[in-house]
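The values are calculated or read from the model by the stated rules, or taken from the named source; none is laboratory data. What you see is a predicted model; the values in this text were computed from it and never measured. Cβ placement follows ideal geometry from the backbone for every residue including glycine, while neighbour counts extend to all protein chains displayed. Calculation scope for accessible area: heavy atoms of the full protein, side chains included, ligands and nucleic acids excluded. Shrake-Rupley method; radii C 1.70, N 1.55, O 1.52, S 1.80 Å.
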Amino acid sequence: MFQMILFVMSLRFDCICISGKVTDFGFENFFFSVCVLMLVTVSNLDLIQYINGTNMSVVHLADVLSEKTGSSSWVVVFKALVTVHHLMVYGNERFIQHLASRSSLFTLHNFLDKSISFLGYAMSAFIRRYSKYLNEKSLAYRLMESDITKIKRGADGVMRTMNTKELLNTLPVIQIQFDALLNFNVRANADELTNGIIHAAFMLLFKDSLRLFVAYNEGILNLLDKYFDMGKKQCRESLDIYIKFLDRMTKLAQFLKVAEVQKSISSHSFCIRKHMRWATGLP
């Protein structure tokens, strides 16, 4: 199954996905678009099963996806990034471990689709911001040796049981990843999410944002519990971290307003906003 997917991914792809529909310019391109759209869905168990195989499977897959991000087409690059993100979230942990072990992941900070298309120009900006988030997610894994979005939560969870030194080292890492996520910056009053590719990316970012918020919030609660037992320098660091936390909660509320317009995730957004108001006192 995966050999077929790799073969299709090696084909040239120039289709554009608008409003959830794929316009193809040839059978091979259409076949590729179908396969990639399969890759970014949670139900794609074949790819997950393949990545559960051997270390070589992980390396091979990462290499193929990395090669795709070198394309000049925003469609190819964006779908490759969404596939990487999907595997980070739902694939075997060895996939994100391998990405974190690389000296560099994506170098797309200057990416620009130079085709004569306003859509290509607009999507290039999202690709630059999205790739930065995936880089930060990978780096955070390297620094913490675990995926922040998957750590144990609750009173006996990782963030609630950290000592002061660990908290002061970990919370800035979460803040940086959180900033990169919120900088994706899809506008609630625009029709950007009608594009099938960017919608798939936003759904993955939305789920990460909820999990990041829980870890972030639990870390802040632990920090506040320890505040009056800290030294002067640690108190100053903790206060700075807390002020930044409040600022990010305001930005997260704006991010979730975008999610609320999407019927499939509005109920989750409402729940997390309710929890945010309780946790931070925000309106």
Checklist entry - What are the residue pairs meeting all of these: first residue in the stretch 194-219, first residue at negative phi, second residue acidic (Asp, Glu) and part of a helix (DSSP H, G or I), Cβ atoms under 6 Å, and 6 or more apart or on different chains? => result Ile198/Glu192
Next on the checklist: I need the full set of residues from the stretch 148-167 which are surrounded by 19 or more Cβ atoms within 10 Å (Cβ to Cβ) and of a type outside the set (Val, Ile, Thr), in order please.
Outcome noted: Met159, Met162, Leu167
Checklist entry - Going by the conditions given, is Ser138 at pLDDT below 85 and either out of contact with any Phe, Trp or Tyr (no Cβ under 8 Å at 6 or more places or on another chain) or not small (Gly, Ala, Ser) (or both)? => result no
Checklist entry - Residues in the stretch 220-234: is at least one out of contact with any strand residue (DSSP E or B) (no Cβ under 8 Å at 6 or more places or on another chain) and within 20 Å of Tyr141 (Cα to Cα)? => result yes
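Would you please name the residue that is farthest from Lys165 (Cα to Cα), looking only at residues in the stretch 241-255 that are hydrophobic (A, V, I, L, M, F, W, C) and in contact with a Phe, Trp or Tyr (Cβ under 9 Å, 6 or more places away or on another chain)?
Applying the filter and picking the extreme gives Phe255.
Results for (1) closer than 16 Å to His85 by Cα; (2) in contact with a strand residue (DSSP E or B) (Cβ under 7 Å, 6 or more places away or on another chain); (3) in contact (Cβ under 8 Å) with a residue 24 or more places away in the chain; (4) of a type outside the set (S, T, N, Q), shown as yes or no for each residue.
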site: Tyr121; (1), (2), (3), (4): no, no, no, yes
site: Ser124; (1), (2), (3), (4): no, no, yes, no
site: Ile127; (1), (2), (3), (4): yes, no, yes, yes
site: Glu136; (1), (2), (3), (4): yes, no, yes, yes
site: Ala140; (1), (2), (3), (4): yes, no, yes, yes
site: Glu145; (1), (2), (3), (4): no, no, no, yes
site: Thr149; (1), (2), (3), (4): yes, no, yes, no
site: Arg153; (1), (2), (3), (4): no, no, yes, yes
site: Val158; (1), (2), (3), (4): no, no, yes, yes
Checklist entry - Restricting attention to the stretch 114-129, which residues are closer than 18 Å to Ser66 by Cβ and open to solvent by less than 20 Å² (accessible area, probe 1.4 Å)? => result Ile127
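Per-residue answers, yes or no, for (1) under 29 Å from His109 (Cβ atoms); (2) under 16 Å from the mean Cα position of the chain (by Cα); (3) modelled with pLDDT of 90 or more:
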site: Glu28; (1), (2), (3): no, no, no
site: Val42; (1), (2), (3): no, yes, no
site: His60; (1), (2), (3): yes, no, no
site: Val64; (1), (2), (3): yes, no, no
site: Glu67; (1), (2), (3): yes, no, no
site: Thr83; (1), (2), (3): yes, yes, no
site: Phe95; (1), (2), (3): yes, yes, no
Item to check | Residues located in the stretch 130-147, provided they are in contact with a Leu (Cβ under 7 Å, 6 or more places away or on another chain) and either exposed (fewer than 15 other Cβ atoms within 10 Å of the Cβ) or small (Gly, Ala, Ser) (or both) | outcome: Ser131, Ser138
Checklist outcome for this item: Selection from the stretch 85-124 of residues hydroxyl-bearing (Ser, Thr, Tyr) and in a helix (DSSP H, G or I) yields Tyr90, Ser101, Tyr121, Ser124
